[in-house]
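K.L.:
This structure is in structure tokens; I'll ask about it shortly.
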Amino acid sequence: MRAWSPSWIAEATGASIAGEAPRGPERVTIDSRDVRPGDLFVGLPGERTDGGRFAQAALDAGAWGVLIGAAHAAQGGVVLTAADPLAALQALARAWRRELGAEVIGVTGSTGKTSTKDLLTAMVATGRRAAATEQNLNTEIGLPLTILAAPEGTEVLVLEMAMRGAGQIAELVAIAEPDVGVITNIGPVHLEQLGTLEAIAAEKAAVIAGLRPGGTAVVPAGETLLAPHMRTDVSTVTFGVGGDVSDLGDLELPFASAHMRRNALAALAAARAVGVEPRGRIDVRLSARRGQRIELPGPVLVLDDCYNANPMSMRAALDELAATAGGRRVAVLGDMLELGPSERRFHEEIGAHARERGVDVLVTVGPRAAHMAGPFDGESHATDDAVAAAALVPALVAPGDTVLVKASRGVGLEVVTEALQATAPTR
């Protein structure tokens, strides 16, 4: 990869080295089943098994080399040994980020991270060579892999930063060293781990704390929870109503929903921060299951937004359903996870919002989502899990319906979308 030498990798990672090679690896992977000739395989310890066990198999499959923990051994290629292979992977990513010299934009927030990242990447690509997070490679493992996949000549690197607990955004920021930090919003997500909205704001604000002096923070206009975390030595750009960026101007986007246009304002502010002023039509490729519109025979329109869910994104999705549907509005809504002691209230509020937005048919999935039915006064059906919902929903859907499918990732609600795609409307 990019003429990396074994000695350069060893220096970047702090690993000891055995073996030599005339040139660097072509790619970095952590999956031994995915190894191709020329790859560097990194054997990470996991909950169930230690990837270092597969180092020899990776070399036998043609890997350029392996990066493993001291408990393992291999031969037949470049063997790098580190005390902590994950820390070594992260250090290698940071070294490549510096070698690239690209401007880095870190995107975090309670909701809308992925859509904002997708929009921002499309906008930046109109003026500069951009690389970005693919799908959900936004964690302490995925983010380094994204950086390491960025090709030479990348001018702007757009990195999504996710969290599951305290300190994780700071960890990602330390690897990525962003020049621009974007916070899409602050909301009741991960309350089970962090406890309060103030704690959530502090965690997200790590992307601001990690900016170099002179960097740019892009934040929602009027978000008081972020006020204690703002810095005087970085530029601050606000977006949304009353913000510095409140109008998309002549940009043409393939959607009209309010929450997506707000995400687009955040993306536009960040694009301008790296010197790009996008104009005209922006062709956006949204990541899978983040609001894709699927047109089925009947006709039936499916809003496939089942990758994740929380109270903010659920409300936004129901708003889009209300604005999109020409016929009946069918909402298939599953459990929202990690909401802590107030989870019942949050689910009941979503049921009330579904009623207010004119949902005709509500299908709840899971024990938490069942509480949505209480304040909802239309036709409703309760199912125990995604499999039961997938068996029920196709028979409920009629020609002309618009169907929203949304839940937290752990519910696995994509099986409902797949069932709708496989089954023509029955009435």
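Laboratory data are not the source of any read-out in this text; all were calculated from the coordinates shown. These numbers were taken from a predicted model, which means no experiment stands behind them. Note that each Cβ is placed from the backbone with ideal geometry, even for glycine, and that neighbours are counted across all protein chains shown.
K.L.:
Can you find, among 317, 363, 403, the residue sitting farthest towards the positive end of the charge dipole of the stretch 292-422, where Lys and Arg contribute +1 and Asp and Glu -1 at Cβ?
P.N.:
317
K.L.:
Would you compute, from DSSP H runs of 4+ residues alone, the mean residue ellipticity of the chain at 222 nm, taking -39500 (n - 2.57) per run and dividing by the full residue count, rounded to the nearest 500?
P.N.:
Calculated mean residue ellipticity at 222 nm is -9500 deg cm²/dmol.
K.L.:
Okay, moving on. Evaluate the charge dipole of the chain about its Cα centre and quote only its size in Debye, nearest 20, assuming +1 on the Cβ of each Lys and Arg and -1 on the Cβ of each Asp and Glu.
P.N.:
It comes to approximately 380 debye.
K.L.:
According to the Kirkwood expression over distinct Cα-Cα pairs, how big is the hydrodynamic radius of the chain, in Å?
P.N.:
Hydrodynamic radius (Kirkwood, Cα only) of the chain equals 23.0 Å.
K.L.:
Give me the distance between the Cα centres of the stretch 39-61 and the stretch 69-138, rounded to whole Å.
P.N.:
19 Å
K.L.:
Placing +1 at every Lys and Arg Cβ and -1 at every Asp and Glu Cβ, with all other atoms neutral, what dipole size does the stretch 101-273 have around its Cα centre, in debye to the nearest 20?
P.N.:
Charge dipole of the stretch 101-273: 140 debye, to the nearest 20.
K.L.:
Let me ask you something else. Where the centre of each part is set by its Cα atoms, how far does the stretch 371-409 sit from the stretch 295-327, in angstrom?
P.N.:
Cα centroid of the stretch 371-409 versus Cα centroid of the stretch 295-327: 12 Å apart.
K.L.:
Ok, one more. Rounded to the nearest 5, what % of DSSP beta bridges with both residues in the chain are antiparallel?
P.N.:
So the antiparallel bridges amount to about 15 percent of the total.
K.L.:
Would you mind checking the tilt of helix 85-100 against the longest principal axis of the Cα atoms of the chain, expressed as 0 to 90 degrees and rounded to 10?
P.N.:
90 degrees
K.L.:
Compute the long axis of helix 258-273 from its Cα atoms, compare it with the longest principal axis of the Cα atoms of the chain, and write down the angle in degrees, 0 to 90, nearest 10.
P.N.:
30 degrees
K.L.:
Let me ask something else about it. Sort 163, 230, 372, 314 so that the residue with the fewest other Cβ atoms within 10 Å of its own Cβ comes first and the one with the most comes last.
P.N.:
The order, fewest Cβ neighbours first, is 230, 163, 314, 372.
K.L.:
Right, here's the next one. Based on the Cβ-Cβ distance of residue 377 and residue 84, what FRET efficiency does E = 1/(1 + (r/R0)^6) give at R0 = 51 Å, to the nearest 0.05?
P.N.:
FRET efficiency, residue 377 to residue 84: 0.35.
K.L.:
Additional query: Near residue 301, within a Cβ-to-Cβ distance under 12 Å, what is the net charge of the other residues, with Lys and Arg +1 and Asp and Glu -1?
P.N.:
-1
K.L.:
I've got another one for you. Taking the Cα of residue 232, stepping 7 Å toward and past its beta carbon, and measuring to each backbone N in the stretch 168-186: which are under 19 Å?
P.N.:
none
K.L.:
Moving on to the next point. Between the helical axis of 343-356 and the dominant principal axis of the chain, each derived from Cα atoms, what acute angle in degrees is found, rounded to the nearest 10?
P.N.:
Here the helix axis deviates by roughly 50 degrees.
K.L.:
Label points 7 Å out from Cα along the Cβ direction at residue 198 and residue 16: separation in nm?
P.N.:
Those two pseudo-labels are separated by 4.9 nm.
K.L.:
Then there is this: Determine, for 277, 140, the number of other Cβ atoms within 10 Å of each Cβ, and report the residues in order from fewest to most.
P.N.:
Result, fewest neighbours first: 277, 140.
K.L.:
A follow-up question, please. Between residue 47 and residue 250, what's the calculated FRET efficiency when r is the beta-carbon distance and R0 is 56 Å? Round to 0.05.
P.N.:
The computed FRET efficiency comes out at 0.65.
K.L.:
To continue, here is another question. May I ask you to sort 319, 401 by Cβ crowding, counting other Cβ atoms within 10 Å and putting the fewest first?
P.N.:
Ascending number of Cβ neighbours within 10 Å: 319, 401.
K.L.:
Given R₀ = 51 Å, FRET efficiency for residue 98-residue 352 by Cβ-Cβ distance, to 0.05?
P.N.:
Given R0 = 51 Å and the Cβ-Cβ separation, E is 0.50.
K.L.:
In the chain, if the dipole is taken from +1 on Lys/Arg beta carbons and -1 on Asp/Glu beta carbons about the Cα centre, which of 18, 270, 210 is farthest to the positive end?
P.N.:
Comparing the listed Cα positions along the dipole, 270 ranks first.
K.L.:
Here is a further query. Quickly rank 114-121, 38-45 as a protection proxy: mean count of other C-beta atoms within 10 Å, highest first.
P.N.:
Ranked from most to least packed, the peptides come out as 114-121, 38-45.
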